[in-house]
Amino acid sequence: MIPGCKGYDLSDFDTLGLKPELNEALVRAKFTTPTPIQAQAIPLALEGNDIMGLAQTGTGKTMAFGLPLIDALLGQPAKPAPKTAKALILAPTRELINQIADNLKVLTDGTRIRVVTVVGGQSINRQINALARGTDILVATPGRLIDLMDRRAVDLSTVTQLVLDEADQMLDMGFIHALRRIAPQLGVPRQTMLFSATMPKQMEELSRAYLTDPKRIQVAAPGKPADKVTQSIHFLPKAEKPRKLREILSQDLGALTLVFSRTKHGAEKLMKGLVADGYNAASIHGNKSQGQRDRAIKAFRAGEINVLVATDVAARGIDIPGVAYVINYDLPEVPDNYVHRIGRTARAGREGEAIAFCAPDEGDLFRQIQKLMKIDIPVASGTAPTGGSSDGASRRGGGGGGNRRRGGGGGGQSQGKSFGGGQAQGKPKARRPRRRSNAA
């Protein structure tokens with residue numbers, strides 16, 4: 001039994017050296033076995049090392065940095081001074097900030113550790129008031145944090161722990177300039193942990209600038225998706241995408257499905273078309289208010305809607321274990337974003353399916369994705385655009401994807417059914433039971 005937690009059994013997390021109250025919180029939340037990134041990162045972080053963690057999405061990076069961070073704060077009994085923070089977590093999107101904070105609050109429940117979030121799109125005055133009494137952990141987007149610094153609403157000089165989550169996307173979104181303003185305001189010495197799913201060249205430069213002799217942890221090759229994602233691609237004219245999407249959705253009407261569009265206008269138009277055709281859909285993108293985005297994600301998580309159309313603003317901010325399918329309606333212009341998109345399914349050991357559409361003018365994007373991932377994505381229907389980069393991309397109809405649950409076309413077979421006729425075949429397929437996630 002865990003001391004002070006009568007009736008609970010020890011979990012494998014107990015072997016990592018965390019404080020008893022954290023082990024108790026993990027047991028209460030039914031987190032049992034650490035994921036590989038957690039098992040490797042937590043002991044090194046508890047020793048005070050800077051960490052550079054590389055792992056695909058859905059593998060539990062939040063707990064990999066959150067548990068040692070909270071463990072260190074539990075050893076600091078003093079309350080934070082007004083307007084200060086002891087630890088700072090930076091992430092690129094509002095959705096990801098909310099996801100991180102929600103997971104941390106589960107772990108800090110029943111402790112004195114306070115978590116405050118600051119993001120754009122919400123009342124800055126309310127955030128100023130929240131910071132006025134100080135906080136143990138501040139979870140922030142870089143832009144809004146700088147707004148608060150300019151208003152002298154936050155003092156970062158007491159921050160001795162810094163986490164950069166999804167650092168590669170922060171580089172893509174230009175937040176390196178914000179980081180250069182924020183970092184000099186932080187306390188020293190400090191522990192810095194950087195986590196990313198991909199490893200662009202600039203990441204090494206970022207590591208040299210902000211980490212000291214970091215311990216590098218890599219549990220999968222950069223650009224590699226979660227192992228249990230079944231991938232497939234349909235080559236088709238752009239005008240055929242709406243019909244193909246509805247054909248695929250009709251095969252599993254109750255499943256939580258995340259559909260990615262390249263543009264805000266495209267996402268909104270696609271969502272409205274689906275709603276008009278009777279699908280239970282919503283959308284999130286940059287033209288939506290934070291309240292609208294939060295309500296859509298909450299409804300999606302609860303199963304009140306089952307199709308969520310999103311731009312890449314949501315690619316790294318949705319941690320919903322029940323997402324069964326990710327559909328790339330448009331291929332992303334940045335190949336790394338494909339990895340992050342499909343990482344919204346098959347999270348923490350579950351199975352999931354990623355289906356992509358590729359129009360003739362997206363052939364170069366498809367080849368860049370395959371080059372990054374170093375695999376041939378199985379072809380469900382159609383023929384790759386002229387100039388395809390691999391044999392696997394040039395075969396017709398269903399190559400290599402015999403275990404796909406839906407979406408085969410062009411006369412190909414998927415689990416004994418042909419879905420090439422444009423109409424749903426038979427009853428919606430039952431979803432197999434999914435295990436509880438321990439990856440936050």
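The values are calculated or read from the model by the stated rules, or taken from the named source; none is laboratory data. Small disclaimer: the values here were computed from a predicted structure and weren't measured. Note that each Cβ is placed from the backbone with ideal geometry, even for glycine, and that neighbours are counted across all protein chains shown.
Before moving on, here are some points about what is shown:
- Residues of the range 72-113 satisfying the condition of being modelled with pLDDT under 95, touching a Gly at 6+ places or on another chain (Cβ under 8 Å) and hydroxyl-bearing (S, T, Y): T93
- Residues that are in contact with a helix residue (DSSP H, G or I) (Cβ under 9 Å, 6 or more places away or on another chain) and of a type outside the set (D, E, K, R) within the range 364-381 comprise L365, F366, Q368, I369, Q370, L372, M373, I375, I377, P378, V379, S381, listed in sequence order.
- The condition of being within 30 Å of N49 (Cβ to Cβ) and assigned to a helix (DSSP H, G or I) holds for only one of L194, L206, L245, L270, that being L206.
- Inter-residue pairs, beta-carbon under 9 Å, first more than 22 Å from E204 (Cβ to Cβ) and in the range 32-53, second among the aromatic types (F, W, Y) and modelled with pLDDT of 95 or more, 6+ apart: I42/F65
Residues checked against (1) of a type in the set (D, E, K, R); (2) at pLDDT below 70; (3) over 22 Å from L256 (Cα atoms); (4) part of a helix (DSSP H, G or I):
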position: D330; (1), (2), (3), (4): yes, no, no, no
position: V339; (1), (2), (3), (4): no, no, no, yes
position: I369; (1), (2), (3), (4): no, no, yes, yes
position: G388; (1), (2), (3), (4): no, yes, yes, no
position: R395; (1), (2), (3), (4): yes, yes, yes, no
position: G411; (1), (2), (3), (4): no, yes, yes, no
position: G426; (1), (2), (3), (4): no, yes, no, no
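Condition check ((1) assigned by TED's automatic domain parsing to the domain that holds G121; (2) free of Cβ contacts under 8 Å to residues at least 60 places away in the same chain; (3) charged (D, E, K, R)) across all residues:
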{"site": "A209", "(1), (2), (3)": "yes, yes, no"}
{"site": "D213", "(1), (2), (3)": "yes, no, yes"}
{"site": "G254", "(1), (2), (3)": "no, no, no"}
{"site": "Y279", "(1), (2), (3)": "no, yes, no"}
{"site": "A282", "(1), (2), (3)": "no, yes, no"}
{"site": "S289", "(1), (2), (3)": "no, no, no"}
{"site": "T311", "(1), (2), (3)": "no, yes, no"}
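- Residue that is surrounded by 20 or more Cβ atoms within 10 Å (Cβ to Cβ) and either in contact with a Pro (Cβ under 9 Å, 6 or more places away or on another chain) or modelled with pLDDT under 95 (or both), where the choices are A220, A226: A226
- Residue match in the range 55-65 (condition: modelled with pLDDT of 85 or more and surrounded by fewer than 24 Cβ atoms within 10 Å (Cβ to Cβ)): no
- Of the helices (runs of 4 or more DSSP H) lying entirely inside the range 49-166, those containing at least 3 residues that are assigned by TED's automatic domain parsing to the domain that holds Q185 and charged (D, E, K, R) span 94-108, 142-150.
- Inter-residue pairs, beta-carbon under 7 Å, first closer than 14 Å to L88 by Cα and in the range 182-202, second of a type in the set (S, T, N, Q) and in a helix (DSSP H, G or I), 6+ apart: L194/S207
- Hey, A209 modelled with pLDDT under 95 and surrounded by 18 or more Cβ atoms within 10 Å (Cβ to Cβ) or not: no
- Residue that is charged (D, E, K, R) and closer than 25 Å to N103 by Cα, where the choices are K215, K244, K238: K215
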